[in-house]
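Asks: Just dropping this structure here.
Nothing in this text is a laboratory measurement; each read-out follows from the coordinates by a stated rule. Since the model is a prediction, treat every value here as computed from it, not as a measurement. Heads up, the Cβs are rebuilt from the backbone with ideal geometry, glycines too, and the neighbour counts pull from every protein chain shown.
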Amino acid sequence: MRLTTNTSVRLCVIALGCVVMTACSSLTAGNMFSHYTAQNESVYQAVQSGDYSRAEEKLPDYQAGDILDNLEKGRVHLLASSYPASKASFELSDKAVRDWQDQAVVSVSDTATSVGALAVNDNLTNYHPADYELGFLHLYLGLNYIHSNSLEGALVEMRRANQVQEKAKRQREAELQSAQSDMQKSGLSPNLGSVLSRYPDAGNKLKAVQNGYLFYLSALLYETQGDVNSAYVDYKRALAVAPDNKQVIEGTLRLATRLGMRQDLKLLSKQYGAYQPIPKGAGRVIILDERGVVKAMDNWRLTIPVDGGGGMGLYSVALPYYDDNAPQRFPALQLDGKGIDGDELVDVNLMASNHLSEAMPNMLLRQVLRVVTKDNLRRQAANGDDVTNLVFNVFNTLTEQPDTRSWQSLPAEVYSSSATLKPGSHEVFVEGKRYNFDIKDGQTTLVWLSRQGNNVTIWHKQLGAIQ
């Protein structure tokens, strides 16, 4: 059967309407007929295998908008040791975030993209980064500043990151308080860090919304610059999220002792023991160890019953999900020929999964509205015409794509470790590479590394006197 003139006109009008409604940067063939994880696969696999140069080569000019595209570029450039390009990309993402935050609550462009997405898929909406991604944006801008020896610039980014963390905590305060109440009813002992920092003691729920990596790095920088009060605040925050991390414990004890926090020190010493300062004639190394790559969301298709106005029907929806596969495991670092264990600072997979869980109810509602809208468009356009009906069925199936957008080049986990060493040259052995750094008497050296596959990016900086 051939399409009639009227049918063809209807198809053109509807197709044109979709284009007009989604006339924005998100309207690409990839976003209409695929999803972010599938489009980003080559970059993701290159990062996962540790082939940073290939990951740089595979970075697209444009895919998911200025915010997410530049987050990925900034991170990949950082791993590839392209530091000026990394900083420039993160700054572009930061500007795009500020432009988005400065918009009115509902802008014309957001309204247009939302309407278009309702008729096509959520990938046509503007990307709004998760709180944990915004925290990492400022963290990595801060690391770029540290690498270029600008601790002042790094501290500015730590302050901005802490504002993001405070906002995240306020938004979830009731939920965290509920989790704390459930823990107390179960007879679990309180988290000392939560008590000291006045955070709800919510176990893994607190770890899912607060970044111990960020708090610890911020505390180190504040302490280095002599702002011990701000440093102590962030050490306590880090302790609430990572209560078993030895480096966080040492930092909290160190500043509680230095500031004369007698009540805090009494509680800390009872649980963790007395603080042991660096012996004279020695220095300290602190190692920040990023491992692996955060999980990427996959495509989950399921059929659900929905009353679309014309009676109950079965509709197929596409949703994102995270699989249960364990992240890649990495061997212990070797420091001067001896193994050195690390303590977890942050589980990025946990933060990503928690964000998806929070977003899922609204996401599912939009999916149901969309499939019903698409089906109504199909019936109205087809009006009994078999060919038109077939065309719309194919179009609806192909464009029903899950929103799998997220910052996929982030690490899966971050650990820290430390050691007291004699002044002079020392060596870290990691992923088959030997890296030398210097220790100075009474000083602290920061070694930062990120490892994926069998490769590693590594550098170090002198932080100064942290006794």
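Asks: Compute the semi-axes of the equivalent ellipsoid of the range 232-322, taking the square root of 5 times each eigenvalue of the Cα gyration tensor, and list them largest first in whole Å.
Replies: 53, 18, 9
Asks: How much length is gained on full extension from residue 438 to residue 303, taking 0.36 nm per residue of separation minus their Cα-Cα distance?
Replies: Separation in residues times 0.36 nm, less the Cα-Cα distance, equals 42.6 nm.
Asks: Sticking with this one: Once label points are set 7 Å from the Cα along Cα→Cβ at both residue 61 and residue 41, what is their separation, rounded to one decimal in nm?
Replies: So the label points at residue 61 and residue 41 sit 2.4 nm apart.
Asks: A further question on this structure: For residue 419 and residue 465, calculate 0.36 nm times their separation in residues minus their Cα-Cα distance, and state this gained length in nm to one decimal.
Replies: So the chain would gain 15.1 nm between residue 419 and residue 465.
Asks: Expected output is a single nm value to one decimal: the length gained when fully extending between residue 280 and residue 266, i.e. 0.36 nm times separation in residues minus the C-alpha distance. What is it?
Replies: Additional length available on full extension: 2.5 nm.
Asks: Then there's this: Compare the peptides 221-231, 204-214 by average per-residue count of other Cβ atoms within 10 angstrom and give them in order, highest first.
Replies: In decreasing order of mean packing, 221-231, 204-214 become 204-214, 221-231.
Asks: Taking the highest mean first, how do the peptides 329-335, 157-163 order by number of other beta carbon atoms within 10 angstrom per residue?
Replies: Answer by packing, highest mean first, reads 157-163, 329-335.
Asks: Under 18 Å Cα-Cα from residue 167, which lysines qualify once same-chain neighbours fewer than 8 residues away are excluded?
Replies: 205, 207, 236
Asks: Can I ask one more? Any aspartates and glutamates with Cα under 13 Å of the residue 169 Cα? List them, leaving off those in the same chain fewer than 8 positions away.
Replies: Answer for residue 169, where 13 Å is the Cα cut-off: 131, 201, listed by chain and number.
Asks: Could the peptides 281-287, 322-328 be put in order, highest first, of the mean number of other beta-carbon atoms found within 10 Å of their residues?
Replies: Peptide ranking by packing, descending: 281-287, 322-328.
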